[in-house]
Amino acid sequence: MKEVDDLIIRRFLRARDLDIEKASDLFLKYLRWRREFVPTGSISPSKIPNDLAHHKIYMQGVDKKGCPIVVCFGSQH
């Protein structure tokens with residue numbers, strides 16, 4: 001998976017107090033969730049028109065890697 005780098009793996013290890021077994025279980029659950037929720041790698045603006053129209057979410061272009069930048073206001077939900 002191209003989105004996985006050392007920082008993401010480190011985040012899962014820290015979340016489980018450097019327990020490799022627990023971190024790997026959590027990481028695999030995350031990967032399964034990611035494949036189901038975002039199968040194409042990102043969510044297109046056409047899939048969230050209501051959130052954009054109600055000013056809950058703002059699309060801000062892309063970052064240096066080409067990933068979309070989204071600003072979400074949790075208090076609006």
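The table for this structure:
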| read-out | value |
| --- | --- |
| Top-ranked residue of region 27-55 - restricted to ones that are modelled with pLDDT under 75 and of a type in the set (D, E, K, R), ranked as surrounded by the fewest Cβ atoms within 10 Å (Cβ to Cβ) | K47 |
| Matching residues in region 55-69 - criterion: being free of Cβ contacts under 8 Å to residues at least 24 places away in the same chain and closer than 24 Å to V4 by Cβ | Q60, G61, V62, D63, K64, K65, G66, I69 |
| Residues being at pLDDT 90 or above, under 28 Å from Q60 (Cβ atoms) and loosely packed, with under 12 Cβ neighbours inside 10 Å - total across region 5-26 | 1 |
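The values are calculated or read from the model by the stated rules, or taken from the named source; none is laboratory data. It should be emphasised that the depicted structure is a prediction, and the values quoted were computed from it without experimental measurement. Cβ: placed from backbone, ideal geometry, glycine included. Neighbour counts: every protein chain shown.
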